Amino acid sequence: MEERFVKGLEGSKAAPPKRCDRLQFDEPWQSRAFGIVLAFSEEKVIDYEDFRRNLIKSIGDWENSHDLNDASWVYYEQWLAALEQLAIDKGMVTRDELDQRTTEITNGEREYSFFANYT
């Protein structure tokens, strides 16, 4: 499944980072965001082409507002931004709901763990 979705990004600026021909994730949240997109695509919750367009736009927006050598670049932040925008566009969540959840996690009011709701 991973190869099917990633193959369409290869050769473009939207291609995910790889190390030794394997996807590179520096933080656990990055692999979770990646997995959510693949699972949503596989289950037809989202159209992968819509996500891909959002990802390319998010990367372009970042590049237009930053120096290309800016060390703050994190590929999966763009991946997550593209997913968030698609979820908003599809009516799955509102911007206010996302902002509220982010604030709760940042302030320690809500558990960050992916599995917190399953214990």
key: Tally of residues being more than 15 Å from GLN78 (Cβ to Cβ), surrounded by 14 or more Cβ atoms within 10 Å (Cβ to Cβ) and out of contact with any Phe, Trp or Tyr (no Cβ under 6 Å at 6 or more places or on another chain) across the stretch 36-47   = 2
Selection count, the stretch 54-98, where residues are assigned to a helix (DSSP H, G or I), open to solvent by less than 70 Å² (accessible area, probe 1.4 Å) and farther than 16 Å from VAL37 by Cβ = 3
inquiry  = Cβ-Cβ under 7 Å, sequence separation 6+ or interchain: first residue in the stretch 37-64 and basic (Lys, Arg), partner open to solvent by less than 20 Å² (accessible area, probe 1.4 Å). Which pairs?
reply    = ARG52/LEU9; ARG52/ALA14
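The values are calculated or read from the model by the stated rules, or taken from the named source; none is laboratory data. Remember, it's a predicted structure, so these values are computed and weren't measured experimentally. Note that each Cβ is placed from the backbone with ideal geometry, even for glycine, and that neighbours are counted across all protein chains shown. Only protein heavy atoms, including side chains, enter the accessible area calculation; ligands, DNA and RNA are left aside. Shrake-Rupley method; radii C 1.70, N 1.55, O 1.52, S 1.80 Å.
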